[in-house]
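The values are calculated or read from the model by the stated rules, or taken from the named source; none is laboratory data. Remember, it's a predicted structure, so these values are computed and weren't measured experimentally. Don't worry about glycine lacking a Cβ; one is built from the backbone with ideal geometry, like all the others, and counts go over all protein chains shown. Accessible surface areas use protein heavy atoms only, side chains included; no ligands, DNA or RNA. Shrake-Rupley method; radii C 1.70, N 1.55, O 1.52, S 1.80 Å.
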Amino acid sequence: IAPMKDEFYSVYLPNTVKKLDKPTQVDLIQDRFRSMKEIIFLDSTAILKEVAKKRNVFHRTDFHWNDPAAYEVARILVNEIGKLESKEISPWIKDVEIEEKTFSGGEATFMPIFYPPKEIGLFVKPNWFEPPNKYAEKKVPFEWIYENTSPANKELQSMVVIGDSFFDGMLRSGICTYFKKVYRAHWNNTSLKELLNNLPEDTRYLFIEFIDISNGAYAGLASEIDDK
């Protein structure tokens, strides 16, 4: 579950913003996920709080986490899957390289001013080898399918992803290069039910990502529980 920016920078919220009682419903569902030993639960909030001790983890002019923050979550996901496949060394061995760029994000475009403010944002500098691959778009219910065609055959087994724009930061971190295939679905274009009814035969992992205010994702999870 990807947290929102107020989790880290609440000091900048207006005084009129009501603070939610603890534990929140998001806290409770994350506790539930932690107790489920048959799944991998990534505590992205805890991961980012460690990173936030060293650098910003969100853009100032955009509500998304920045790419170096997404990089850390992607790295831990890949290495956790590597453990499942008994890899002798962690698959993700490169450290993040960060570059600064002038940037103006989506939040800035909603401001009632003529010229949206800009910031010096943090971005990932690609430092990995891009293997030979095939790429196919609009294979319903998937937006696209990435297939690693490297003859080395050292990649992790195929992964299906249903996510939102926060997953895009993980994509820009090179996460696809570690898998034989990545099937990407978006919450805007499909439902969890449709996805589960159309899982490819080579699916080994299903990665579910959503932001902590996503009513659609919670409804999809609830629907699957009700059906079972």
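Annotations
- Residues of type lysines that Lys54 reaches as a straight line, Cα spacing below 21 Å, ignoring anything fewer than 8 places off in the same chain: Lys5, Lys94, Lys101, Lys125
- Within a Gaussian network of the chain (alpha carbon springs, distance under 10 Å), most fluctuating of Leu48, Leu171, Leu13: Leu13
- In loop segments of region 125-167 as defined by DSSP, the trypsin sites (Lys or Arg not before Pro) with at most 16 further C-beta atoms inside 10 Å of their C-beta are Lys154.
- Each DSSP beta bridge with both residues in region 100-228 is either parallel or antiparallel, and the antiparallel ones are about 60%.
- For region 182-228 and region 1-72, distance of Cα centres in Å: 21
- Sequence-distant lysines (8 or more away, or on other chains) whose Cα lies within less than 24 Å of Lys87: Lys37, Lys154, Lys180, Lys181
- Apportionment of accessible area to carbon and sulfur, the chain, percent (1.4 Å): 53
- Applying both filters, DSSP loop and at most 10 other Cβ atoms within 10 Å, to the chymotrypsin sites (Phe, Trp or Tyr not before Pro) of region 125-228 gives Phe129.
- With R₀ fixed at 35 Å, the C-beta to C-beta distance from Thr149 to Ile40 puts the FRET efficiency at about 0.85.
- GluC sites (Glu not before Pro) lying in DSSP loop within region 138-228, provided at most 16 other Cβ fall within 10 Å: Glu201
- Derived scalar couplings between HN and Hα for region 71-83 equal 4, 5, 5, 4, 4, 5, 4, 4, 5, 5, 5, x, 5 Hz in order, rounded to whole Hz, by the Karplus curve 6.51 cos²θ - 1.76 cosθ + 1.60 (θ = phi - 60°), x for Gly and Pro.
- Tail weight of P(r) past 20 Å, computed on alpha-carbon pairs of region 76-129, percent: 52
- Here the chain carries DSSP beta bridges of which approximately 60% are antiparallel, counting only pairs with both residues inside.
- Structure-derived Kirkwood radius over Cα pairs in Å - corresponding label in [x] 19.1; [y] 28.9; [z] 18.5: [x]
- 19 Å cut-off, amide nitrogen to a point 7 angstrom out along Asn79 Cα→Cβ, residues in region 155-171: 155-157, 170-171
- Placing +1 on each Lys and Arg Cβ and -1 on each Asp and Glu Cβ, with no other charges, gives region 43-97 a dipole about its Cα centre of roughly 220 debye.
- Distance between modelled label sites at Arg32 and Ser10, nm, 7 Å Cα→Cβ extension: 2.2
- Were the residues from Thr24 through Ile213 laid out at 0.36 nm apart, the gain over their Cα-Cα distance would be 66.9 nm.
- Taking every protein chain into account, the accessible area of region 64-135 amounts to 64 square angstrom per residue (probe 1.4 Å).
- Between Val140 and Arg172, the contour length at 0.36 nm per residue exceeds the Cα-Cα span by 9.3 nm.
- Heavy atoms of Met170 accessible to a 1.4 Å probe, total area in Å² rounded to 10: 0
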